[in-house]
1. Among the candidates A102, A62, A29, A66, which residue alone is surrounded by fewer than 10 Cβ atoms within 10 Å (Cβ to Cβ) and more than 20 Å from the chain's Cα centre (by Cα)?
2. For the stretch 42-65, does any single residue satisfy the condition of being in contact with a strand residue (DSSP E or B) (Cβ under 7 Å, 6 or more places away or on another chain), at pLDDT below 90, farther than 24 Å from L139 by Cα and outside any helix (DSSP H, G or I)?
3. Could you list, in sequence order, all residues of the stretch 117-133 that are loosely packed, with under 15 Cβ neighbours inside 10 Å, free of Cβ contacts under 8 Å to residues at least 40 places away in the same chain and either in contact with a helix residue (DSSP H, G or I) (Cβ under 6 Å, 6 or more places away or on another chain) or not hydrophobic (A, V, I, L, M, F, W, C) (or both)?
Amino acid sequence: MNRKKEGPAENRKGFTLLEVLISISLMVALTGINQLIANGERSLRNCRDRTIASQICQSKMALLLAGGIPVGNRGVIQSCDTPYLEWTWRWTISRTNDQDLANLTVEVMPGPKATRQMPTVLLGRMIVTRRYPSIERELTGKRF
């Protein structure tokens, strides 16, 4: 009869040292990949928020210069209607040393009910005041 010889390796129960080392290294690698994915998602959200805030900023600046927004409420924080995120904005205008120039600034920031930290975007532009009569009136206080 052929009888199979049983050696000490066949009687042992459990994992070998090599199997344990391989499983630990796989766990460490998977944890690192998981962290990379989480960091990527966080960066993507931040980039999306900055892009949305920049677009709102440019849109509000264009509306101000086109006369689509009443200039009387400068410096007042106003709400923006955007899907999924709550943003607020305000605009300020200040004189420069040149009488015909002014500095127009639009700031977009997270709303009061923002659930996570979002960026604030500031857009500034020098304007020739006589081209924008409503802004010039706001600066001078004159009512034509």
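The values are calculated or read from the model by the stated rules, or taken from the named source; none is laboratory data. Computed from a predicted structure; not experimentally measured. Cβ: placed from backbone, ideal geometry, glycine included. Neighbour counts: every protein chain shown.
1. Details: A102 fails: surrounded by fewer than 10 Cβ atoms within 10 Å (Cβ to Cβ); A62 fails: surrounded by fewer than 10 Cβ atoms within 10 Å (Cβ to Cβ); A29 fails: surrounded by fewer than 10 Cβ atoms within 10 Å (Cβ to Cβ).
Just one listed residue meets the conditions, A66.
2. no
3. Result: Q117, G124, R130, R131, P133.
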